[in-house]
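The values are calculated or read from the model by the stated rules, or taken from the named source; none is laboratory data. What you see is a predicted model; the values in this text were computed from it and never measured. Positions of Cβ are backbone-derived with ideal geometry, glycine not excepted, and every protein chain shown enters the neighbour counts.
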């Protein structure tokens, strides 16, 4: 599957693009592009949400863009746009009318072009741009208990552990947890039992906790015995055959093709005051979210790729057989479809997809 940054070759000067941001859906002609930082400049730009036309070229940066689509003109009255719905693995084509308020209807058009910024089945799609402000939790209040409920309902969460910080006259560990909907920053006193419920969750097998280089992070977090660890560095080594000490940011860039600009705000100094800055909270929240997305990608797109392939073949055993009598005869044998299950395929050992 071609991920977002690898699709940039599809973009050419003069192409008509549709770019979705948090507040606008812009259509315009590509004037220039900086591939390294994914910075685009459009001219003749119109916001189809507001039906507003800009008089000057508009420059858009990576962190602003949720999706990019290439528009293929089909005559003067309509345009066709293709957006690959990575979340489901299916290709979804949409026809765009000039009226911005008219609903989009699916079309069939083999010549349409894939969405440029969709990345992987984990549903990343620049989800950091839609991330709500992380919730900073310092006491066992209602916010804390709601966070626990959310975390316990997940099959996997992303975890980032910040070393113990000297905050006032006490020490505290900062533990950041990303779920599919929220990011929580737990400001945990090292000598208090207020977070015993949270500790119990951390020490249980479920949800799985996605960490990177977990041995280094857990060295700074000895008050709890974390269980159910999914280490993305171990998964990366197994799926690539490499044992090189690459950083989390480098592996994310290589695997998900996310530019390093995503992490730039994370280069600020460690917080030393009780009031953690908004910029720092945002940086660690984005890292925890990316930690979860990386784990989901490595697990489902790499480690289980052959398993999913066999499931797909097995589920479509009768898809192309229109002979109802023959299908019933095959079903009666109770062995129909078993030929698609390769017991000797060594799918557990061969982690890298073919």
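Residues checked against (1) surrounded by fewer than 17 Cβ atoms within 10 Å (Cβ to Cβ); (2) modelled with pLDDT under 70; (3) within 26 Å of residue 254 (Cβ to Cβ); (4) touching a strand residue (DSSP E or B) at 6+ places or on another chain (Cβ under 7 Å):
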{"position": "2", "(1), (2), (3), (4)": "yes, yes, yes, no"}
{"position": "13", "(1), (2), (3), (4)": "yes, no, no, yes"}
{"position": "25", "(1), (2), (3), (4)": "no, no, no, yes"}
{"position": "34", "(1), (2), (3), (4)": "yes, no, yes, no"}
{"position": "53", "(1), (2), (3), (4)": "yes, no, no, yes"}
{"position": "64", "(1), (2), (3), (4)": "no, no, yes, no"}
{"position": "70", "(1), (2), (3), (4)": "no, no, yes, yes"}
{"position": "75", "(1), (2), (3), (4)": "yes, yes, no, no"}
{"position": "78", "(1), (2), (3), (4)": "yes, yes, no, yes"}
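A single entry from 296, 279 fulfils the requirement of being assigned to a helix (DSSP H, G or I), under 34 Å from the mean Cα position of the chain (by Cα) and modelled with pLDDT under 90: 279. For the stretch 36-51, filtering for residues that are farther than 14 Å from residue 65 by Cα, crowded, with 16+ Cβ neighbours inside 10 Å and modelled with pLDDT under 90 leaves 1.
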